[in-house]
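Participant: For reference, the structure I am asking about is given below.
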Amino acid sequence: MNSNQRKRWFGLVLVFFICMIGSSTPFQHFAAIPNELRLFSGQLKRLQYGVPVHAEVTVDPQMLQINGSTSHSLSVNLNEPLSLQSNQSGQTKMKVKLFGKIPFKTVKVNVVPDLRVIPGGQTIGVKVKSSGILVVGHHQVAGSNGMKQSPGEAAGLRLGDLIVKIDGTSINQVHRVAELSEKAGMDKRPLEVTYKRDGQLNKTLLNPVFDAEDKAWRLGLYIRDSAAGVGTLTFYAPDQGVYGALGHVITDMDTQTPIDVGEGQILQSSVTSINKSQNGEPGEKRAHFVKESKILGNVERNTPFGIFGKMNEVPTHSYSEKSVPVAFAEDVKEGSAQILTVVNGQKVERFDIEIVHVSKQSGPATKGMVIKITDKRLLSKTGGIVQGMSGSPIIQDGKLVGAVTHVFVNDPSSGYGCFIEWMLQDAGVLLKSANGFTGEAA
């Protein structure tokens with residue numbers, strides 16, 4: 001065997017051993033030691049790496065204690081569970097040296113102030129008014145010459161466009177459109193329409209047409225300025241006086257575009273009946289508003305993770321009025337959990353579920369986990385997840401970890417949930433800074 005062949009065989013053997021080591025469980029656990037850790041102040045976090053190696057861990061004991069020790073440096077066995085106890089908020093570093101000598105990793109540790117919220121579960125009524133006039137369809141207008149056309153479509157307006165100004169005046173009420181159309185038609189001039197599409201403002205000229213049949217000036221548009229429905233409250237943060245609900249964005253039922261909220265209200269609601277989910281056909285909660293004059297809070301934002309705003313008081317009919325800690329996205333694990341929701345009247349009940357899959361998300365994304373309803377009582381009443389259940393808080397190990405968002409149409413016992421961390425950010429309770437850390441809002 002010549003030298004080139006020996007080198008080739010040596011290279012193949014080396015690659016084989018590297019692949020074997022890289023795919024081994026201890027090595028994968030070793031590589032799983034994160035570059036960053038996040039804890040709430042006072043939180044005890046247990047880490048399990050299962051690596052048969054001794055190491056020296058150096059920390060600031062005033063901020064973080066390892067295995068209950070107050071020492072600056074501690075020898076640990078990485079094959080055994082490692083407990084981290086955070087004492088005060090701030091940022092620090094945890095340095096790990098293998099065998100006490102070989103520098104291996106420096107882990108950034110961010111300790112944020114303890115955060116507790118009151119979990120919801122109550123069915124709420126939602127009324128929102130868009131920040132303009134939403135175009136939801138076109139229709140043909142028969143003009144004086146007998147020709148049919150849609151002036152709005154001819155002006156380039158599409159379904160989902162949001163009309164925010166007409167002739168320079170802000171507009172968010174449908175009845176005002178008819179008044180301005182008539183005035184422009186009588187004056188034989190076009191309307192200057194400012195509309196929003198994909199976040200960008202555009203302008204166009206729209207010529208009203210006199211409808212020979214209706215004897216009125218028309219724009220050839222179907223428009224809407226408000227929406228209403230029911231959903232579930234996810235949490236109330238008493239220290240900040242804010243809430244989060246629904247777990248997903250409110251969209252217009254015709255155009256499926258997110259509603260740009262100008263103002264809105266949430267009200268008490270009571271479930272009157274449930275249309276059970278079946279394979280291929282999601283069910284729904286049927287509910288009515290209770291005491292429409294009693295407004296629980298306002299709607300300030302409509303985001304991919306739900307609706308958010310100020311809440312005037314703690315909602316009634318809570319499963320428990322005690323606040324609970326929340327979990328970061330990386331702390332949620334597969335296994336048993338519970339949801340809080342209403343299936344009759346206004347009584348919030350607790351039901352068993354299984355978190356069957358958890359996505360690793362370093363930033364906000366809607367499909368954080370896959371959940372499955374396992375509670376026989378809930379399955380018998382609803383058939384699984386139904387419309388109106390979105391926003392139901394998910395509790396795991398006594399912590400609020402997320403909210404129900406969507407049902408699987410072909411398997412209504414299962415669906416998606418989002419992590420509570422992203423809802424708390426959109427509520428303004430947690431703020432994400434430029435370096436990737438998450439801290440509590442001031």
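Participant: More than 19 Å from the chain's Cα centre (by Cα), under 27 Å from Q268 (Cβ atoms) and not acidic (D, E) - does that describe any residue in the range 383-396?
Facilitator: There is at least one residue in the range 383-396 that is more than 19 Å from the chain's Cα centre (by Cα), under 27 Å from Q268 (Cβ atoms) and not acidic (D, E).
Participant: Which residue pairs have Cβ atoms under 9 Å apart, sit 6 or more places apart or on different chains, and have a first residue in the range 388-410 that is within 11 Å of I373 (Cβ to Cβ) and a second that is among the polar types (S, T, N, Q) and in a loop (DSSP other than H, G, I, E, B)?
Facilitator: Pairs that qualify, where the first residue is within 11 Å of I373 (Cβ to Cβ) and the partner is among the polar types (S, T, N, Q) and in a loop (DSSP other than H, G, I, E, B), are V404/S390; V404/S392; V407/S277; V407/S390.
Participant: Of all residues in the range 140-181, which are out of contact with any Gly (no Cβ under 6 Å at 6 or more places or on another chain), in a strand (DSSP E or B) and at pLDDT 90 or above?
Facilitator: Residues satisfying the conditions are K165, I166, T169, S170.
Participant: If a residue counts only when it is among the hydroxyl-bearing types (S, T, Y) and modelled with pLDDT of 75 or more, which strands (runs of 3 or more DSSP E) contained entirely in the range 30-119 have at least 2 such residues?
Facilitator: The qualifying strands (runs of 3 or more DSSP E) are 73-77, 82-86.
Participant: Further question: Would you mention how many residues in the range 99-124 are open to solvent by less than 20 Å² (accessible area, probe 1.4 Å) and more than 21 Å from I420 (Cα to Cα)?
Facilitator: The number of residues fulfilling the criteria is 1.
Participant: Looking only at the range 320-371, filter to residues that are closer than 23 Å to Y243 by Cβ, assigned to a strand (DSSP E or B) and of a type in the set (G, A, S); which one of those is most open to solvent (accessible area, probe 1.4 Å)?
Facilitator: G345
Participant: Please determine, by comparing only the residues of the range 126-142 that are of a type in the set (A, V, I, L, M) and within 33 Å of the chain's Cα centre (by Cα), which one is surrounded by the fewest Cβ atoms within 10 Å (Cβ to Cβ).
Facilitator: V136
Participant: Considering only residues that are of a type in the set (A, V, I, L, M, F, W, C) and without any contact (Cβ under 8 Å) to a residue 40 or more places away in the chain, which ones fall in the range 206-249?
Facilitator: A216, W217
Participant: Taking the range 252-272 as the search range and keeping residues that are open to solvent by less than 50 Å² (accessible area, probe 1.4 Å) and β-branched (V, I, T), which one is modelled with the lowest pLDDT?
Facilitator: Per the stated criteria, the residue is T255.
Participant: If you don't mind, there's one more thing I want to ask. Within the range 276-319, how many residues are part of a loop (DSSP other than H, G, I, E, B) and not aromatic (F, W, Y)?
Facilitator: 16
Participant: Looking only at the range 230-257, how many residues end up being farther than 19 Å from K310 by Cα and under 20 Å from the mean Cα position of the chain (by Cα)?
Facilitator: 5
Participant: I would also like to ask the following. I'd like the full set of residues that are among the small types (G, A, S) and either exposed (fewer than 14 other Cβ atoms within 10 Å of the Cβ) or within 12 Å of K95 (Cα to Cα) (or both), limited to the range 33-57.
Facilitator: Of everything in the range 33-57, just one residue is among the small types (G, A, S) and either exposed (fewer than 14 other Cβ atoms within 10 Å of the Cβ) or within 12 Å of K95 (Cα to Cα) (or both), namely A55.
Participant: What residue, among those in the range 372-406 that are of a type in the set (G, A, S) and surrounded by fewer than 24 Cβ atoms within 10 Å (Cβ to Cβ), is farthest from T123 (Cα to Cα)?
Facilitator: Only one residue tops the list, namely G398.
Participant: Can we say G137 is out of contact with any strand residue (DSSP E or B) (no Cβ under 9 Å at 6 or more places or on another chain) and either assigned to a loop (DSSP other than H, G, I, E, B) or not polar (S, T, N, Q) (or both)?
Facilitator: no
Participant: For the range 423-440: of the residues being open to solvent by 20 Å² or more (accessible area, probe 1.4 Å) and in contact with a helix residue (DSSP H, G or I) (Cβ under 9 Å, 6 or more places away or on another chain), which is modelled with the lowest pLDDT?
Facilitator: Applying the filter and picking the extreme gives K432.
The values are calculated or read from the model by the stated rules, or taken from the named source; none is laboratory data. What you are looking at is a predicted structure, and each value in this text was computed from that prediction instead of being measured. Note that we place each Cβ from the backbone using ideal geometry, even for glycine, and neighbour counts take in every protein chain shown. Each accessible area value is taken on the protein alone, full model and side chains, heavy atoms only, with ligands, DNA and RNA left out. Shrake-Rupley method; radii C 1.70, N 1.55, O 1.52, S 1.80 Å.
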